[in-house]
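Engineer: First, the structure itself, so that you have it in front of you.
Every read-out reported here was derived from the displayed coordinates using simple, explicitly stated rules and does not represent laboratory data. Because the structure is a prediction, the values reported are computed rather than measured. Virtual Cβ from ideal backbone geometry, glycine too; neighbours counted across all protein chains shown.
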């Protein structure tokens, strides 16, 4: 599938009123959740089941669930989805093909995330679903040097064209905008979370960003933002009820400064090299599967794309965890975790000074090897 971005349609325009579809306070809803076997999906299903306005929760996934309620096994790319959505009031779409394999995975190359969303939205139209919640990502804003800090939902959608995850999420948002425009009487929520993490979900994006941050340009010192998966699940549930409508960032309050993030991340060596060298080395590390650094992720580790949460807070949602708490919980504990912040800084600075020259020489050697192969 060919994926394209139309910038002037990428942001969902706000409707004149978000109360065009009024919920019947006496009616309980049937909710379908895709990607229900994932760590996020299990959290969302559990929270929805406890909501008084929810009559039934129907978990769908192509994989069997190892925890929580059993999922109905459904392939969003091949199965008849209209049958699954008949009589359903709300669809929560969390399923994604992205994971640790990333760009090398045939599912990613085929843009399966876009195809799944398109088929699901078509089925929702046929089944007259009243409300859809679609999980996107804050990466759709792109990581650019002129980004405001923080980004609000009014910022343009301009993902880095090298980062397949961000490009496909932006395309899914475009399709969702077309769907909402064509569905009079239906509402749609698009959620753009910061990097999600939890103790049972270190998150492929968080791992990729940390690995990419080992090589930085001369002026690269970006803030970092990590969202606890519990807070993301709460945001999904908070926006699942009619008549909520529109685009919402999902993020903790504030973000980590580069110094704070490096202190938490541990004594990994970070080398400053020219940007072109960093990009080439990151690409080579990815091709050789030496690091989880897919094309395009280097920019997101180097430049700012932190987001504001004011619009979602206005809906009554509140984050419970700060970025540093979420990050530490998702990072396996070791000897480093037992040291004081001051001692961590001393070790990190000392270690970097000892190995900096060697790592820089190795990086240049890798680039030269790449040129010879080309």
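Engineer: Before anything else, pin down the relative contact order of the range 42-167: Cα pairs under 8 Å, at least 6 apart, normalised by residue count, whole percent. All intermediate terms of the calculation are to be shown ahead of the outcome.
Structural biologist: Values: 124 pairs, mean separation 24.8, N = 126.
Value for the range 42-167: 20 percent.
Engineer: Could you compute the FRET efficiency for residue 82 and residue 199, with r as their C-beta to C-beta distance and R0 at 45 Å, rounded to 0.05? List each step's numbers first, then the result.
Structural biologist: On the way: r = 38 Å, r/R0 = 0.84.
Efficiency at R0 = 45 Å is approximately 0.75.
Engineer: Per 0.36 nm of contour for each residue apart, how much would the distance between residue 66 and residue 125 grow if the chain were fully extended, relative to their Cα-Cα spacing?
Structural biologist: Details: separation 59, 0.36 × 59 = 21.24 nm, distance 3.15 nm.
Length gained, residue 66 through residue 125: 18.1 nm.
Engineer: Something else about it: So for the pair residue 162, residue 311, with labels modelled 7 Å out along Cα→Cβ, what separation do we get in nm?
Structural biologist: Label-label distance for residue 162 and residue 311, simple model: 2.9 nm.
Engineer: Sort 163, 248 so that the residue with the fewest other Cβ atoms within 10 Å of its own Cβ comes first and the one with the most comes last. Intermediate results must be reported in sequence, preceding the final value.
Structural biologist: Values: 163 24, 248 27.
Least to most surrounded, the residues fall as 163, 248.
Engineer: Neighbouring Cβ atoms within 10 Å as the yardstick, rank 73, 264, 227 fewest first.
Structural biologist: 73, 264, 227
Engineer: Sorted by average packing, counted as other Cβ atoms within 10 angstrom per residue and highest first, what order do 79-88, 36-45 take?
Structural biologist: Working: 79-88: 15.7, 36-45: 23.8.
Averaged packing, sorted descending, gives the order 36-45, 79-88.
Engineer: For the range 178-215 and the range 35-103, what is the centre-to-centre distance using only Cα atoms, to the nearest Å?
Structural biologist: 16 Å
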